[in-house]
1. Hey, among the residues in segment 227-259 that are at positive phi and in contact with an Asp or Glu (Cβ under 9 Å, 6 or more places away or on another chain), which one's surrounded by the fewest Cβ atoms within 10 Å (Cβ to Cβ)?
2. Within segment 52-101, restricting attention to residues that are among the aromatic types (Phe, Trp, Tyr), in contact (Cβ under 8 Å) with a residue 60 or more places away in the chain and in contact with a Ser or Thr (Cβ under 7 Å, 6 or more places away or on another chain), which residue is farthest from ASN231 (Cα to Cα)?
3. Out of (1) more than 18 Å from VAL49 (Cβ to Cβ); (2) more than 19 Å from the chain's Cα centre (by Cα); (3) surrounded by fewer than 22 Cβ atoms within 10 Å (Cβ to Cβ), the odd one out for ASN210 is which?
4. Please find, among GLY129, GLY159, GLY102, GLY154, the residue that is in a loop (DSSP other than H, G, I, E, B) and more than 22 Å from LEU260 (Cβ to Cβ).
5. Within segment 39-61, how many residues turn out to be among the polar types (S, T, N, Q), closer than 21 Å to ALA244 by Cβ and more than 12 Å from the chain's Cα centre (by Cα)?
6. Of all residues in segment 270-300, which are under 25 Å from GLY249 (Cβ atoms) and polar (S, T, N, Q)?
7. Would you be able to say whether some residue in segment 218-225 is among the aliphatic types (A, V, I, L, M), in contact with a Gly (Cβ under 8 Å, 6 or more places away or on another chain) and at pLDDT 95 or above?
8. What number goes with the only condition from (1) out of contact with any Lys or Arg (no Cβ under 7 Å at 6 or more places or on another chain); (2) surrounded by fewer than 24 Cβ atoms within 10 Å (Cβ to Cβ); (3) among the hydrophobic types (A, V, I, L, M, F, W, C) that VAL298 does not pass?
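The values are calculated or read from the model by the stated rules, or taken from the named source; none is laboratory data. All figures in this text were calculated on a predicted structure; none of them were measured in a lab. Note: ideal-geometry Cβ built from the backbone for every residue, glycine included; neighbour counts use all protein chains shown.
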Amino acid sequence: MKRVVFLIMVVGLVGMVGCDRHDDTTDNPINPSVGGFDQNGASNAVFTVASGRTVKFSKGNLQYQASTGTWRFAEHQYDCIGADNANISSAYSGWIDLFGWGTSGWNGSFAVCYQPWATSTSSFDYWIGGVSSYNLTEAYTNADWGVYNAISNGGNQSGMWRTLTKDEWSYLLDGRGSAYRYALANVNGVNGLIIFPDTFTIPVGVTITNINVISTSYGYSSNIYTESQWNQMESCGYIFLPAAGDRSGTEVNHVGTYGLYWSSSYNDRYDALCMFFFSGYACMNYGSRYSGLSVRLVRD
C-alpha cells in the first residue's frame, strides 16, 4: 500500500460545545436532518458529494461471508474485522471486510480476480473489462459491490447501493460549504474518522475539537467518545469510518492506524483511487488494485 501522495486539506481548529444547528450552504435553513438509519440501513441524514447531489451513507462497512455468499453491513459504525481478514478464502465461514478493487463477484467484469475472496497480489488480475482504464461505472457498474449484490440488512435487493467516485469523496471532504466536515476520533475504543452531515446538531455535553485538521500532532485522541456518547452523535446524523487497515494477499496491516476506503475510480494500470486517513490526514490517495481496503456504500 502506498503512502499519502498529496494533501489538499485546509488546517482548521475549532472547539464546539452545545446543540447549535449548522447548515452548510443555504441562507434559508431547511429542517434539520434526522439521525439514525432507515429500514434499509441508509442514513436519514444527507451528505452533499457534488453540486446539487446528495447521498445517504450505509449503517456500517461492507462485510462478506464466503461460505454462504452473504453480504451485509456491519452492525455498528465502529465495527471492523481486523486481523481475521487474514482467513480470507472461498470457503471461509467467518466474515471479511477488506476487498480488492472491483471484487463484487460479477464474472462479467472480465477480470481474473472478481470474487470478494481474491488474494492475488498482481494488479493486472483486477483490471475491469480486461483493460486498465475502466471505472466501476457505466458498462462495468456491476463490478461495484453495491450495484451487483443484495445486501442482506441493506434492503436485500441488488442495485440499491453504490461506491462513491473519487470526485465525490473529494467533494465530501473539501467541497462542501460547511466549515465542519470531518474530525478524527476514537469511538468506543476504535480509531477512525467522523463525517459531519450537511445539517447537524451537537449533543449537549459533547465536544468536537480539531475539525478538518491535517496536523499529525493531534491524531485520533483529539476526540474520545464512549458508546453512549457516540449513540447521541449517531442520532444527530454523524457517520463514522473506522481505521480498519489494509490487506495484501493474506497479510493484514495497519488496523487502528490507517483508514482506506475504495472509490469507484481507477488511477492507472496498477492503482485505483481511495479515500485515506491517518492520524491527522484525510485526503484522496491511491492503492494497488489488489489491496484489500474498506468499502462504505451510499444510496442516492
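1. Step by step, filter segment 227-259, then rank; the result is HIS254.
2. In this case the residue turns out to be TRP71.
3. Condition not satisfied by ASN210: (3).
4. Residue meeting the stated conditions: GLY159.
5. Qualifying residue count for the region: 1.
6. ASN285, SER288, SER291, SER294
7. no
8. Condition not satisfied by VAL298: (1).
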